[in-house]
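Data first, discussion second: the structure below is written as C-alpha coordinates.
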Amino acid sequence: MPSVETVNGPIDVDELGRTLIHEHFRAVDEATRFQFPHLYDEAEEWDVAMADANAVKGHGIRTVVEPSAMFLTRDAAFSKRVADESGLQVVLATGVYTYDHLPQSLLNRDEDQLADIFVHEIEHGIQRTDIKPAFIKCAADEPGITPNIEKVHRAAARASNRTGKPIMAHSRPASGTGHEQMRIFTEEGVDAAKVQIAHTGDTDDLDYIEKLLETGCFIGLDRYGLDVFLPTEQRQATTLALLDRGYAERMFLSQDYTSSIDWFPREVQAYLKANEVPDWSMTFLFEKVIPELKERGMTDEQLDQMMVENPKRWLGS
Ligand SMILES: [Zn+2]
(Lines give C-alpha, C1' and ligand atoms only; values in the text may rest on other atoms or scores of the structure.)
Protein backbone atom coordinates (compact mmCIF):
# COMPACT_ATOMS: atom_id res chain seq x y z
CA MET A 1 0.00 0.00 0.00
CA PRO A 2 1.52 3.35 -1.04
CA SER A 3 1.76 5.93 1.73
CA VAL A 4 1.49 9.73 1.76
CA GLU A 5 3.28 12.20 4.02
CA THR A 6 1.02 14.47 6.10
CA VAL A 7 1.95 17.04 8.74
CA ASN A 8 1.44 14.23 11.25
CA GLY A 9 3.54 11.67 9.44
CA PRO A 10 2.90 9.11 6.72
CA ILE A 11 -0.51 7.47 6.24
CA ASP A 12 -1.74 4.79 3.85
CA VAL A 13 -3.36 6.32 0.76
CA ASP A 14 -6.59 4.60 1.80
CA GLU A 15 -6.71 6.84 4.85
CA LEU A 16 -6.81 10.04 2.77
CA GLY A 17 -10.57 9.85 2.36
CA ARG A 18 -12.46 12.77 0.82
CA THR A 19 -9.79 15.24 -0.17
CA LEU A 20 -9.67 18.88 -1.24
CA ILE A 21 -6.66 18.90 -3.54
CA HIS A 22 -5.90 22.64 -3.57
CA GLU A 23 -6.71 25.01 -0.69
CA HIS A 24 -4.65 27.32 1.50
CA PHE A 25 -5.14 28.09 5.19
CA ARG A 26 -2.97 31.16 4.68
CA ALA A 27 -1.33 32.71 1.62
CA VAL A 28 0.86 35.69 2.39
CA ASP A 29 4.28 36.87 1.32
CA GLU A 30 6.93 35.78 3.77
CA ALA A 31 9.36 38.64 3.06
CA THR A 32 6.66 41.30 3.57
CA ARG A 33 5.50 39.48 6.68
CA PHE A 34 8.99 39.28 8.18
CA GLN A 35 9.87 42.91 7.42
CA PHE A 36 6.52 44.60 8.05
CA PRO A 37 4.72 42.45 10.62
CA HIS A 38 2.38 45.28 11.61
CA LEU A 39 0.45 44.56 8.38
CA TYR A 40 -0.61 41.16 9.74
CA ASP A 41 -2.95 40.02 12.50
CA GLU A 42 -1.90 36.54 13.55
CA ALA A 43 -4.86 35.93 15.85
CA GLU A 44 -7.26 36.77 13.05
CA GLU A 45 -5.36 34.56 10.57
CA TRP A 46 -5.63 31.70 13.00
CA ASP A 47 -9.37 32.23 13.57
CA VAL A 48 -10.28 32.24 9.88
CA ALA A 49 -8.06 29.24 9.15
CA MET A 50 -9.71 27.25 11.92
CA ALA A 51 -13.20 28.32 10.84
CA ASP A 52 -12.46 27.02 7.33
CA ALA A 53 -10.84 23.80 8.58
CA ASN A 54 -13.84 23.02 10.77
CA ALA A 55 -16.28 23.93 8.00
CA VAL A 56 -14.77 21.58 5.41
CA LYS A 57 -14.56 18.85 8.03
CA GLY A 58 -18.28 19.33 8.56
CA HIS A 59 -18.74 18.55 4.86
CA GLY A 60 -16.98 15.19 5.19
CA ILE A 61 -13.49 16.28 4.12
CA ARG A 62 -10.72 14.29 5.80
CA THR A 63 -7.69 15.69 4.00
CA VAL A 64 -6.72 19.12 2.69
CA VAL A 65 -3.76 19.39 0.32
CA GLU A 66 -2.14 22.77 0.92
CA PRO A 67 0.22 23.61 -1.97
CA SER A 68 1.89 26.58 -0.33
CA ALA A 69 5.57 26.74 -1.19
CA MET A 70 8.31 29.33 -0.90
CA PHE A 71 6.74 32.83 -1.32
CA LEU A 72 3.32 31.78 0.04
CA THR A 73 4.43 31.54 3.67
CA ARG A 74 4.42 27.79 3.74
CA ASP A 75 4.66 27.22 7.48
CA ALA A 76 4.82 23.61 8.60
CA ALA A 77 4.18 24.45 12.25
CA PHE A 78 1.08 26.53 11.42
CA SER A 79 -0.34 23.79 9.17
CA LYS A 80 0.33 21.14 11.81
CA ARG A 81 -1.52 23.23 14.38
CA VAL A 82 -4.50 23.50 12.00
CA ALA A 83 -4.44 19.72 11.56
CA ASP A 84 -4.07 19.01 15.27
CA GLU A 85 -6.87 21.31 16.37
CA SER A 86 -9.32 20.44 13.58
CA GLY A 87 -8.61 16.73 13.22
CA LEU A 88 -8.06 17.19 9.48
CA GLN A 89 -5.12 15.61 7.68
CA VAL A 90 -3.02 18.29 5.96
CA VAL A 91 -0.58 17.53 3.14
CA LEU A 92 2.26 19.92 2.29
CA ALA A 93 4.63 20.50 -0.64
CA THR A 94 8.20 21.49 -1.26
CA GLY A 95 9.00 23.89 -4.10
CA VAL A 96 8.90 27.52 -5.15
CA TYR A 97 5.82 29.56 -6.04
CA THR A 98 7.08 32.20 -8.41
CA TYR A 99 6.00 33.60 -11.78
CA ASP A 100 9.59 34.71 -12.52
CA HIS A 101 11.37 36.39 -9.60
CA LEU A 102 14.02 34.45 -7.75
CA PRO A 103 16.23 35.76 -4.94
CA GLN A 104 20.01 35.73 -5.40
CA SER A 105 20.18 32.62 -3.24
CA LEU A 106 18.26 30.67 -5.88
CA LEU A 107 19.41 32.64 -8.96
CA ASN A 108 22.95 31.52 -8.26
CA ARG A 109 22.06 27.85 -7.96
CA ASP A 110 21.44 25.64 -10.97
CA GLU A 111 18.66 23.11 -11.62
CA ASP A 112 20.41 20.31 -9.78
CA GLN A 113 21.24 22.45 -6.77
CA LEU A 114 17.59 23.52 -6.54
CA ALA A 115 16.58 19.88 -6.85
CA ASP A 116 18.97 19.11 -3.97
CA ILE A 117 17.02 21.56 -1.78
CA PHE A 118 13.69 19.91 -2.62
CA VAL A 119 15.13 16.43 -2.10
CA HIS A 120 16.59 17.48 1.25
CA GLU A 121 13.12 18.46 2.47
CA ILE A 122 11.58 15.26 1.12
CA GLU A 123 14.19 13.19 2.96
CA HIS A 124 14.71 15.23 6.15
CA GLY A 125 11.69 17.49 6.65
CA ILE A 126 10.53 21.08 6.20
CA GLN A 127 11.97 24.01 8.15
CA ARG A 128 13.92 21.76 10.53
CA THR A 129 10.78 19.86 11.56
CA ASP A 130 10.23 16.18 10.80
CA ILE A 131 7.21 17.14 8.66
CA LYS A 132 7.84 15.98 5.12
CA PRO A 133 6.38 17.24 1.85
CA ALA A 134 4.26 14.83 -0.20
CA PHE A 135 4.81 16.54 -3.55
CA ILE A 136 6.71 19.27 -5.38
CA LYS A 137 5.17 22.60 -6.40
CA CYS A 138 6.15 24.93 -9.22
CA ALA A 139 4.33 27.64 -11.17
CA ALA A 140 4.10 29.34 -14.54
CA ASP A 141 1.82 32.32 -15.11
CA GLU A 142 1.50 35.39 -17.33
CA PRO A 143 5.25 35.87 -18.00
CA GLY A 144 5.33 32.31 -19.38
CA ILE A 145 8.36 30.01 -19.31
CA THR A 146 11.11 32.47 -18.50
CA PRO A 147 14.62 31.11 -17.82
CA ASN A 148 13.95 31.23 -14.06
CA ILE A 149 10.65 29.38 -14.43
CA GLU A 150 12.22 26.76 -16.68
CA LYS A 151 14.94 26.23 -14.07
CA VAL A 152 12.42 25.71 -11.28
CA HIS A 153 10.41 23.28 -13.45
CA ARG A 154 13.51 21.25 -14.36
CA ALA A 155 14.52 21.21 -10.69
CA ALA A 156 11.03 19.99 -9.70
CA ALA A 157 11.24 17.30 -12.38
CA ARG A 158 14.68 16.13 -11.24
CA ALA A 159 13.59 16.05 -7.59
CA SER A 160 10.57 14.00 -8.65
CA ASN A 161 12.76 11.60 -10.62
CA ARG A 162 15.10 11.18 -7.65
CA THR A 163 12.39 10.67 -5.02
CA GLY A 164 9.34 9.41 -6.90
CA LYS A 165 7.24 12.31 -5.51
CA PRO A 166 4.50 13.78 -7.72
CA ILE A 167 4.44 17.37 -9.04
CA MET A 168 1.78 20.06 -8.94
CA ALA A 169 2.32 22.82 -11.49
CA HIS A 170 0.33 26.06 -11.19
CA SER A 171 -0.60 27.00 -14.76
CA ARG A 172 -2.25 29.84 -16.68
CA PRO A 173 -4.37 28.51 -19.55
CA ALA A 174 -4.83 32.05 -20.94
CA SER A 175 -1.09 32.01 -21.65
CA GLY A 176 -1.08 28.37 -22.74
CA THR A 177 1.49 27.43 -20.11
CA GLY A 178 0.14 23.93 -19.43
CA HIS A 179 1.48 22.47 -22.67
CA GLU A 180 4.88 24.11 -22.18
CA GLN A 181 5.09 22.80 -18.62
CA MET A 182 4.27 19.26 -19.77
CA ARG A 183 6.91 19.57 -22.51
CA ILE A 184 9.57 20.34 -19.90
CA PHE A 185 8.47 17.49 -17.63
CA THR A 186 8.47 15.08 -20.57
CA GLU A 187 11.94 16.22 -21.64
CA GLU A 188 13.13 15.51 -18.11
CA GLY A 189 11.61 12.02 -18.25
CA VAL A 190 8.87 12.52 -15.64
CA ASP A 191 5.95 10.09 -15.85
CA ALA A 192 2.94 12.27 -16.82
CA ALA A 193 0.76 10.33 -14.34
CA LYS A 194 2.77 12.02 -11.55
CA VAL A 195 1.92 15.52 -12.78
CA GLN A 196 -1.08 17.65 -11.93
CA ILE A 197 -1.55 20.80 -14.01
CA ALA A 198 -3.35 23.07 -11.56
CA HIS A 199 -5.86 25.74 -12.64
CA THR A 200 -6.62 24.07 -15.97
CA GLY A 201 -10.26 24.82 -15.12
CA ASP A 202 -9.60 28.52 -15.67
CA THR A 203 -10.41 27.84 -19.34
CA ASP A 204 -13.41 26.30 -21.05
CA ASP A 205 -11.40 25.59 -24.20
CA LEU A 206 -11.94 21.84 -24.46
CA ASP A 207 -9.34 21.45 -27.22
CA TYR A 208 -6.66 22.96 -24.97
CA ILE A 209 -7.75 20.74 -22.07
CA GLU A 210 -8.01 17.51 -24.10
CA LYS A 211 -4.58 18.07 -25.59
CA LEU A 212 -3.23 18.29 -22.05
CA LEU A 213 -5.12 15.19 -20.97
CA GLU A 214 -3.66 13.28 -23.91
CA THR A 215 -0.26 13.54 -22.23
CA GLY A 216 -1.59 11.48 -19.32
CA CYS A 217 -1.44 14.18 -16.64
CA PHE A 218 -4.05 15.11 -14.04
CA ILE A 219 -5.82 18.47 -14.27
CA GLY A 220 -7.11 20.78 -11.55
CA LEU A 221 -10.62 22.21 -11.97
CA ASP A 222 -9.62 23.88 -8.80
CA ARG A 223 -10.63 27.53 -8.77
CA TYR A 224 -14.38 27.32 -8.30
CA GLY A 225 -15.60 30.70 -7.09
CA LEU A 226 -12.79 32.69 -8.70
CA ASP A 227 -15.11 34.26 -11.25
CA VAL A 228 -12.41 36.74 -12.25
CA PHE A 229 -10.68 33.89 -14.10
CA LEU A 230 -13.81 32.02 -15.26
CA PRO A 231 -17.41 32.28 -14.04
CA THR A 232 -18.98 29.30 -12.28
CA GLU A 233 -21.42 28.46 -15.06
CA GLN A 234 -18.59 28.02 -17.57
CA ARG A 235 -16.62 25.95 -15.05
CA GLN A 236 -19.66 23.72 -14.52
CA ALA A 237 -20.24 23.23 -18.25
CA THR A 238 -16.58 22.34 -18.72
CA THR A 239 -16.56 19.85 -15.84
CA LEU A 240 -19.71 18.15 -17.16
CA ALA A 241 -18.35 18.01 -20.72
CA LEU A 242 -15.11 16.40 -19.50
CA LEU A 243 -17.00 13.89 -17.36
CA ASP A 244 -19.12 13.11 -20.40
CA ARG A 245 -15.99 12.43 -22.42
CA GLY A 246 -14.76 9.98 -19.79
CA TYR A 247 -12.00 11.94 -18.04
CA ALA A 248 -13.16 11.53 -14.40
CA GLU A 249 -9.97 9.61 -13.64
CA ARG A 250 -7.83 12.66 -14.44
CA MET A 251 -9.80 15.49 -12.79
CA PHE A 252 -9.76 17.23 -9.41
CA LEU A 253 -12.35 19.64 -7.99
CA SER A 254 -11.21 22.36 -5.59
CA GLN A 255 -11.38 26.12 -4.98
CA ASP A 256 -7.82 27.41 -4.47
CA TYR A 257 -9.35 29.31 -1.59
CA THR A 258 -7.16 30.93 0.99
CA SER A 259 -8.40 31.70 4.48
CA SER A 260 -6.28 34.85 4.56
CA ILE A 261 -4.37 36.62 1.81
CA ASP A 262 -2.24 39.76 1.73
CA TRP A 263 -2.22 40.55 -1.97
CA PHE A 264 -4.19 43.78 -1.48
CA PRO A 265 -4.66 46.34 1.29
CA ARG A 266 -7.42 45.20 3.65
CA GLU A 267 -10.13 47.55 2.40
CA VAL A 268 -9.44 46.67 -1.25
CA GLN A 269 -9.53 43.01 -0.32
CA ALA A 270 -12.92 43.37 1.32
CA TYR A 271 -14.22 45.22 -1.74
CA LEU A 272 -12.93 42.56 -4.15
CA LYS A 273 -14.34 39.73 -2.07
CA ALA A 274 -17.79 41.34 -2.01
CA ASN A 275 -17.87 42.47 -5.63
CA GLU A 276 -15.53 40.38 -7.78
CA VAL A 277 -15.52 36.94 -6.13
CA PRO A 278 -18.60 36.85 -3.86
CA ASP A 279 -18.90 33.03 -4.03
CA TRP A 280 -15.25 32.21 -3.32
CA SER A 281 -14.94 30.21 -0.10
CA MET A 282 -13.62 26.87 1.14
CA THR A 283 -17.16 25.45 1.13
CA PHE A 284 -18.58 26.73 -2.18
CA LEU A 285 -18.11 23.27 -3.71
CA PHE A 286 -20.41 21.69 -1.14
CA GLU A 287 -22.97 24.48 -1.01
CA LYS A 288 -23.51 24.95 -4.72
CA VAL A 289 -21.08 23.31 -7.15
CA ILE A 290 -21.47 19.63 -6.25
CA PRO A 291 -25.26 19.67 -5.70
CA GLU A 292 -25.69 21.35 -9.08
CA LEU A 293 -23.29 18.98 -10.87
CA LYS A 294 -25.30 16.08 -9.45
CA GLU A 295 -28.56 17.59 -10.65
CA ARG A 296 -27.02 17.92 -14.09
CA GLY A 297 -25.90 14.30 -14.30
CA MET A 298 -22.65 13.79 -12.39
CA THR A 299 -22.80 10.38 -10.69
CA ASP A 300 -21.68 9.57 -7.12
CA GLU A 301 -19.00 7.32 -8.64
CA GLN A 302 -17.60 10.22 -10.67
CA LEU A 303 -17.55 12.44 -7.58
CA ASP A 304 -15.78 9.75 -5.54
CA GLN A 305 -13.32 9.25 -8.36
CA MET A 306 -12.37 12.95 -8.31
CA MET A 307 -12.35 13.50 -4.55
CA VAL A 308 -11.23 10.15 -3.13
CA GLU A 309 -9.63 7.92 -5.78
CA ASN A 310 -7.66 10.51 -7.76
CA PRO A 311 -5.96 11.98 -4.67
CA LYS A 312 -4.87 8.43 -3.80
CA ARG A 313 -3.62 7.78 -7.32
CA TRP A 314 -1.76 11.08 -7.71
CA LEU A 315 -0.26 11.36 -4.21
CA GLY A 316 0.52 7.64 -4.11
CA SER A 317 1.97 7.56 -7.63
ZN1 LIG B 1 -3.06 27.77 -4.86
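The values are calculated or read from the model by the stated rules, or taken from the named source; none is laboratory data. Everything numeric in this text was worked out from a predicted model, so none of it was measured. Virtual Cβ from ideal backbone geometry, glycine too; neighbours counted across all protein chains shown. We work out accessible area using only protein heavy atoms, side chains counted, and drop any ligands, DNA or RNA first. Shrake-Rupley method; radii C 1.70, N 1.55, O 1.52, S 1.80 Å.
Dipole of region 133-255 computed with +1 at Lys/Arg Cβ and -1 at Asp/Glu Cβ about the Cα centre; of Gly144, Ala156, Ser254, farthest Cα towards the positive end is Ala156. Solvent-accessible area of Tyr247, all protein chains in place: 50 Å² (probe radius 1.4 Å, heavy atoms, ligands and nucleic acids excluded).
Computed on protein heavy atoms with a 1.4 Å probe, the accessible areas place Asp204, Asp227 in the order Asp204, Asp227, largest first.
The HN-Hα couplings worked out from phi for region 5-17 by the Karplus form 6.51 cos²θ - 1.76 cosθ + 1.60 (θ = phi - 60°) are 6, 10, 5, 10, x, x, 10, 5, 4, 5, 8, 4, x Hz, whole numbers, x standing for Gly and Pro.
Counting 0.36 nm for each residue step from Asp41 to Ala193 and taking away their Cα separation leaves a gain of 50.7 nm.
If Asp304, Asp222 are ordered by their accessible area, calculated over protein heavy atoms with a 1.4 Å probe, which sequence runs from highest to lowest? Provide the component values of the computation, followed by the final result.
Numbers: Asp304 80, Asp222 0 Å².
In descending accessible area the options line up as Asp304, Asp222.
Highest mobility in the GNM of the chain, judged by mean-square fluctuation with C-alpha springs under 10 Å and restricted to Ala241, Ala156, Ala274, is found for Ala274.
Please list Lys151, Lys165 in order of solvent-accessible area, largest first, computed with a 1.4 Å probe with all protein chains present. Mind dumping the intermediate values first?
Numbers: Lys151 25, Lys165 45 Å².
Largest accessible area first, the list is Lys165, Lys151.
Per residue, how much accessible surface does the chain expose to a 1.4 Å probe? Answer in Å², no decimals.
Numbers: 13010 Å² over 317 residues.
With the other protein chains kept in place, the chain gives 41 Å² per residue.
Find the percent of Cα-Cα distances in region 170-233 that exceed 16 Å, and round it to a whole number. Value for region 170-233: 40 percent of Cα pairs lie more than 16 Å apart. Summarising the label geometry, the points placed 7 Å from Cα in the beta-carbon direction at Glu301 and Glu276 lie 4.2 nm from one another.
Among His170, His179, His153, the largest mean-square fluctuation in a Gaussian network model of the chain (Cα springs under 10 Å) belongs to His179.
About the Cα centre of the chain, what is the dipole size in debye to 20, counting +1 per Lys and Arg Cβ and -1 per Asp and Glu Cβ, all else neutral?
On the way: 32 positive and 55 negative charges, 108 e Å.
Its charge dipole is roughly 520 debye.
Carbon and sulfur: what percent of region 253-317's accessible surface (1.4 Å probe)? Carbon with sulfur: 52 percent of the solvent-accessible area. Here is how the number arises for the chain: DSSP H runs of 4 or more residues each give -39500 (n - 2.57), the sum is divided by the residue count, and the result at 222 nm is -12000 deg cm²/dmol.
For Gln89, nonlocal amide neighbours, meaning residues 5 or more places apart or on other chains whose placed amide H falls under 5 Å from its own, are Thr63, Val64.
Quick one: of Lys132/Lys294; Lys137/Lys211; Lys137/Lys294; Lys194/Lys288, which pairs are farther than 28 Å apart, Cα to Cα? Write out the running numbers ahead of the final one.
Values: Lys132/Lys294 36 Å; Lys137/Lys211 22 Å; Lys137/Lys294 31 Å; Lys194/Lys288 30 Å.
In this structure, Lys132/Lys294; Lys137/Lys294; Lys194/Lys288 exceed 28 Å between Cα atoms.
Applied to region 244-255, the Karplus parametrisation 6.51 cos²θ - 1.76 cosθ + 1.60 on θ = phi - 60° returns per-residue 3J(HN,Hα) values of 4, 8, x, 9, 3, 6, 10, 10, 10, 10, 6, 10 Hz, with x for Gly and Pro.
Keeping all protein chains in position, work out how much accessible area Met1 exposes to a 1.4 Å probe, and write it in Å² to the nearest 10. Its accessible surface works out to 140 Å², give or take rounding. Distances between placed amide hydrogens fall under 5 Å for Ala198 paired with Ala169, His170, Ser171, Gly220, all partners being 5 or more residues away or on another chain. The distance separating the Cα centre of region 56-79 from that of region 101-171 comes to 18 Å. Principal axis extents of the C-alpha atoms in region 133-214 (largest first, rounded to whole Å): 35, 25, 23.
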